[in-house]
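Contents: one structure, followed by commentary.
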Amino acid sequence: MDLFEVIFVAIGLAIDAFVVSVSSAGTGWINSKRAVFRLSFHFGLFQFLMPVIGWFIGSKLEPIIATYDHWVAFILLQIVAIRMIGSGAGPDRAAASTDPSRGLNLVMLSLATSIDALAVGFSLAMIEVNIWYPSVIIGLITALMSLTGIRLGRVFSKKLGRSMAISGAIILSIIGFRILFS
């Protein structure tokens with residue numbers, strides 16, 4: 001794979017993380033440098049690790065995992081979306097428990113946005129591509145796109161307020177359905 005192919009694959013894989021970053025920043029929780037770092041770092045890290053894992057597992061487990069990976073991503077995204085709707089519709093204190101840059105929410109979002117990278121790892125193993133170079137590029141581009149998404153989400157949240165959390169939840173839910181049906 002040449003650099004341009006890797007970049008196009010990386011951008012395609014990072015779009016979900018970008019959209020989730022916009023939505024997460026729109027909730028108002030991603031308001032410190034630490035939160036920005038946690039979200040973009042974990043999205044980049046998971047996008048780096050999943051192709052590596054997929055490559056090492058290779059084609060042996062592909063038929064088993066391929067039958068339900070989209071369901072895992074769908075369920076994780078729906079859980080986070082439901083929690084975001086609750087925080088956007090409920091009182092301000094309810095939002096405190098739905099920080100997308102911490103704990104289980106961060107792990108669920110990172111997994112849900114990187115499951116498709118696992119399939120990329122499988123594919124790269126089948127065509128005998130060295131996994132480290134593409135995985136590093138994929139992780140870095142995802143982290144950068146997440147940072148960009150956070151900046152855009154902050155701009156939109158100032159204009160849209162609490163409705164941004166509900167809008168973000170709807171976007172996450174749509175992404176989940178897109179993953180499920182594609």
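If you go through region 97-138 and pick out every residue that is part of a helix (DSSP H, G or I), under 22 Å from S173 (Cβ atoms) and of a type outside the set (A, V, I, L, M), you end up with 8. The residues in region 80-124 that are at pLDDT 80 or above and polar (S, T, N, Q) can be counted, and the count is 5. Across region 47-67, the qualifying residues are those that are within 18 Å of the chain's Cα centre (by Cα) and closer than 20 Å to S182 by Cβ, and the one among them that is modelled with the lowest pLDDT is G54.
Within the set V20, V36, the sole residue that is surrounded by fewer than 24 Cβ atoms within 10 Å (Cβ to Cβ) and either modelled with pLDDT of 90 or more or within 18 Å of S114 (Cα to Cα) (or both) turns out to be V36.
The values are calculated or read from the model by the stated rules, or taken from the named source; none is laboratory data. These numbers come from a predicted model, not from an experiment. Using ideal geometry, Cβ is built from the backbone for each residue, glycine included, and neighbour counts are taken over all protein chains shown.
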